[in-house]
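Derivation of every value follows stated rules applied to the coordinates shown; laboratory data play no part. As the structure is a computational prediction, the values presented were derived from the model and not from experiment. Note that each Cβ is placed from the backbone with ideal geometry, even for glycine, and that neighbours are counted across all protein chains shown.
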Amino acid sequence: MNVDEIRRIAEIMQKHELTEFSIESEDCRMKVRRGPKTKKVAAPASAMFAPPYAGAPTMPESNSGQARDNGGNRENAEADAAPPQNTIDCPIVGTFYSAPSPDAEPFVKVGDAVTPDTVVCIVEAMKVMNEIKAEKAGRIKRVLVENTQPVEFGEPLFELD
Amino acid sequence: MKKLHATSQTILSVLRQSGGDISGEDLCRDLKISRAAVWKHIQSLRELGYAIGSATHRGYRLTAAPNLPLPWEIEGHLETARLGREIEYCAVAESTNPLAIEAAKNQAAEGFCVVADQQKQGRGRLRRPWFSPPSRNLYLSVVLRPPIAPLALPQISLIAALALTRACKDWLPESADIRVKWPNDVFVNQGKVAGILCESASETDRVHYAVVGIGVNLNLKREDLPGEIADTATSLQIVGGSEVDRPRFAANLLNHLEPMYFAWCRDGLADFLPELEEMSLMRDRQVDVETVSGRRSGIAVGITEDGGLRLRNPQNDHEEVVYCGDISLTPVD
């Protein structure tokens, strides 16, 4: 899979107005999504009330490349050299807050041990402040997003050891 | 304080139902308690603010109830199955949301409410202060446990805001202009009367709890408003001219919220979109949204099925949807 092939996939998706495309071969697995940034990960309302996760978009485990529509027609292919493993992913779309208030200490920092019940951050959307739990035990290896950064459904927030 | 002593409760009901004088002797006989005990219960009711007159040879008479959001006063007006069926009342709370969150973490049932007469640290989003003086307003937090995917949870702000508009409508003259400022404020005649702060905890596929905190300016008078909000805030009494019954308002709000909440859990937001758009403060107006990733501007043209605000760029008709940010409206010419 090279850049030209990825570009061709992006063009095909645009031509046929596809929003999602997955391909899997022996040495590669990738998923491409396109659409306006704010709408990209918003599942249709019907899916939200379906049993959790049915039909909801998920991040591929090996995220070797993805194309984004940057608001215009230009399709961009990015390669992420070291995709994070064993991550805590974001269950909603919103704004990431690492601490309970602007002047408070962050919920967790690199090196902290977490249990499934540890609150690791707040994600705000539509003025709902949503505490996110680790859901697994481990040690924070990397914080993958910046404080107050917009985050999307399924986006990895933290990497654990 | 969760409950009034059962005997005090009975005495209160008897006095209320009779509407006239009840002799201490009758109370002693009916309740099988001593005169001193009757006196003690009357005193505790008086301490809560009930005006109970007493005269020799005539007995006790309830002349006024306090306009306080006391649990048993709210319950008297409730028509709900779950919401408000258990209420914790605080004369003074730091803030009702943390108390409700604490209760939610300790397995409080859905519908559990915390109500305060006054908040010392009333707050909005990002710990911004919410003006919360005693004996005026409603400060209520309700624990919900919606069986939905966390992705849909933020829509609860809109459901609560819409329930608030319906509750406000019941107290105001028809001429009052009641609006929702997406996603969580309610305005009447261009002044802010209510705000909502939701705090929740979720994991990937499940919402543990959502606490919906609601502050409503009920009986604030103009002179109560501190300088920083004097031009932007208002109250139902300022607009409607009469004193709002606080427990009745609280019950009525929960009576509106419960069926809307159940319907939303079951069917989503779609059925509420026409009402939300009709009540929207910014419909067809130019708005600026200050987001962490920059400012977005456009004409507010509606709300999506997942609760986002649709903004249309008037230059190129390109539409985008926002879910976060501080909204400001360009004044109408």
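Using the Cβ-Cβ distance between B:Cys90 and B:Asn316 with R0 set to 51 Å, the FRET efficiency works out to roughly 0.45. Amide H contacts for A:Val151 (H built 1.01 Å from N in the peptide plane; partners 5 or more residues away or on another chain; cut-off under 5 Å): A:Gly94, A:Thr95, A:Phe96. When B:Thr165, B:Thr10 are sorted by how many other C-beta atoms sit within 10 angstrom of their C-beta, beginning with the fewest, the order is B:Thr10, B:Thr165.
The mean count of C-beta atoms from other chains within 10 Å of the C-beta of residues in A:131-138, rounded to a whole number, is 3. Considering only alpha-carbon pairs that sit under 8 angstrom and 6 or more positions apart, the relative contact order computed for the stretch B:150-274 is 25 percent. By its C-alpha gyration tensor, with a ≥ b ≥ c as the square roots of the eigenvalues, how is chain B shaped: rounded for a/c under 1.5, else prolate for a/b larger than b/c, else oblate? Because a/c hits 1.5 or more and a/b exceeds b/c, chain B counts as prolate. Note on B:Arg266 and B:His208: their simple-model spin labels are 2.9 nm apart, each label 7 Å out from Cα toward Cβ. What is the distance in Å between the Cα centres of the stretch B:43-90 and the stretch B:116-156? The two parts, judged by their Cα centres, are 24 Å apart.
Model label sites at A:Lys136 and A:Asp112, defined 7 Å from Cα along the beta-carbon direction, differ in position by 1.8 nm.
Does the stretch B:243-286 come out rounded, prolate or oblate, given a ≥ b ≥ c as the square roots of the eigenvalues of its C-alpha gyration tensor, rounded meaning a/c under 1.5 and, failing that, prolate meaning a/b above b/c? Oblate shape, in that a/c is at least 1.5 and b/c is the bigger or equal ratio. May I ask you to derive the relative contact order of chain B, considering only C-alpha pairs under 8 Å and at least 6 residues apart, and to give it as an integer percent? In percent, rounded to a whole number, it is 13. For the stretch B:179-258 and the stretch B:302-333, what is the separation of their Cα centres, given in Å? Between the Cα centres of the stretch B:179-258 and the stretch B:302-333 lies a distance of 23 Å. Peptide B:236-248 has a mean of 0 when you count, residue by residue, the C-beta atoms of other protein chains within 10 Å of its C-beta. Grab the beta carbon distance between B:Ser293 and B:Ser242, set R0 = 51 Å, and tell me the FRET efficiency rounded to 0.05. Efficiency for this residue pair is about 0.65. Compute the FRET efficiency between B:Gln190 and B:Lys105 as 1/(1 + (r/R0)^6), taking r as their Cβ-Cβ distance and R0 = 56 Å, and round to the nearest 0.05. Efficiency, rounded to the nearest 0.05: 0.90.
Along the Cα-to-Cβ line of B:Ala176, 7 Å from the Cα, sits a label point; which residues in the stretch B:242-280 have backbone N less than 14 Å from it? Flagged as within label range: B:242-246, B:248-250, B:252-253. In a DSSP loop and with at most 11 other Cβ atoms within 10 Å, the trypsin sites (Lys or Arg not before Pro) in the stretch B:131-223 are B:Lys221.
Where in the stretch B:150-226 are there GluC sites (Glu not before Pro) that are in a DSSP coil and have at most 16 other Cβ atoms within 10 angstrom of their Cβ?
B:Glu174
Listing B:Ser157, B:Ser135 from fewest to most neighbouring C-beta atoms within 10 Å gives B:Ser135, B:Ser157.
Cβ crowding within 10 Å, taken as a proxy for footprinting-reagent exposure, orders B:Ile299, B:Ile156 from fewest neighbours to most as B:Ile299, B:Ile156. Once you keep just the Cα pairs under 8 angstrom separated by 6 or more residues, what percentage relative contact order results for the stretch B:57-121? Over the stretch B:57-121, the number comes to 38 percent. Couplings for the stretch B:316-323, taken from phi via the Karplus curve 6.51 cos²θ - 1.76 cosθ + 1.60 with θ = phi - 60°, read 10, 6, 5, 10, 9, 10, 10, 10 Hz in order; Gly and Pro are left as x. Taking every residue in B:321-327 and counting other chain Cβ atoms within 10 Å of its Cβ, the average works out to 5. Of A:Lys127/B:Lys192; A:Lys133/B:Lys3; B:Lys169/B:Lys221; A:Lys109/A:Lys136, which ones are farther than 24 Å apart at the Cα? Violating the 24 Å Cα-Cα cut-off are A:Lys133/B:Lys3.
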